[in-house]
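Okay, structure first, notes after.
The values are calculated or read from the model by the stated rules, or taken from the named source; none is laboratory data. From a predicted model like this one, the values you see are computed outputs, not experimental measurements. As a convention, Cβ positions derive from the backbone with ideal geometry for all residues, glycine included, and neighbour counts pool all protein chains shown. Note: areas computed on protein heavy atoms with side chains; ligands, DNA, RNA excluded. Shrake-Rupley method; radii C 1.70, N 1.55, O 1.52, S 1.80 Å.
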Amino acid sequence: MSSGPSHADPAITKTYSYFSISGRTAEDLDSELARRGPQTGSAGFRHPGATEIKFGGDITYHESEGSCAVGDVNVTLKTKIILPRWKNRRRAENGLALIWDTLAADIKRHEERHAEIARQHARDLEKALLALPPARNCAILEREVGMVSRRIIDEHDRDQLRFDMVEARNFEERMMRLLKYRSRASQ
């Protein structure tokens, strides 16, 4: 039997939700995404997809003989991926359907990557909390837990922003490459 801290992998859940758009032209679809897409951030901009991320969990402490150590660590992560669904796709021309399918797949891939970045940081957070050495008392250790948690959440936020910046720079080139590939595959 082990007397050290116990843990399991972070408790991670991922759900999906969809918002409907309609349209018969690429301009219609673009307008619908801008009008109906999920709002992200405090600026209220709408996006073609989004990933809501919520970290949580709990930690126990074991105090004995002038020291306090981390006991159980249970990090939780809830991700909700919000994606568009085109209502009248079946009535669209093949060219527009190809563009939509390519765009929708890219939106899903992008949001899934946001969820994966969050999962990696949830695992990193749990490992970092479990690795904290004992402190003289639990108040000191609780402050350390807070500092480690803030540092990893800040790293998570920077990694998410960095990913979005790279994706935005490469969007047009990536879409053209994907469209060429898909149009060849459908011939």
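Each pair of Cα atoms in the chain enters the Kirkwood radius, and Stokes-Einstein at 10 °C and 1.306 mPa s then converts it into a translational diffusion coefficient of 82 µm²/s.
When the square roots of the Cα gyration tensor eigenvalues are ordered a ≥ b ≥ c, the ratio a/c for the range 99-174 is 1.5 or more and a/b exceeds b/c, which makes its shape prolate.
Expressed as a whole percent, the accessible surface of the range 89-137 that belongs to carbon and sulfur atoms is 53, based on a 1.4 Å probe. Distance between the 7 Å Cα→Cβ label points at residue 177 and residue 136: 5.6 nm. On a per residue basis, the chain carries 64 Å² of accessible surface, using protein heavy atoms and a 1.4 Å probe. Taking each residue as 0.36 nm, the span from residue 113 to residue 162 lengthens on full extension beyond its C-alpha to C-alpha distance by 16.4 nm. May I ask you to derive the FRET efficiency for residue 143 and residue 45 from their Cβ-Cβ distance with R0 = 45 Å, giving the value to the nearest 0.05? That pair, residue 143 with residue 45, gives E of 0.80.
Under 11 Å from a label point set 7 Å out along the Cα-to-Cβ vector of residue 28, the amide N atoms of the range 50-88 belong to 87-88. Which links in 80/108; 54/87; 80/180; 14/180 stretch past 23 Å when you go from one Cα to the other? Where the Cα-Cα span goes over 23 Å, the pairs concerned are 54/87; 80/180; 14/180.
Normalised by the residues of the chain, what does the relative contact order come to in percent, with Cα pairs under 8 Å and at least six apart?
Numbers: 262 pairs, mean separation 44.9, N = 187.
Contact order relative to length: 24 percent.
The simple spin-label model puts a point 7 Å past each Cα toward its Cβ; for residue 63 and residue 124 those points are separated by 3.2 nm.
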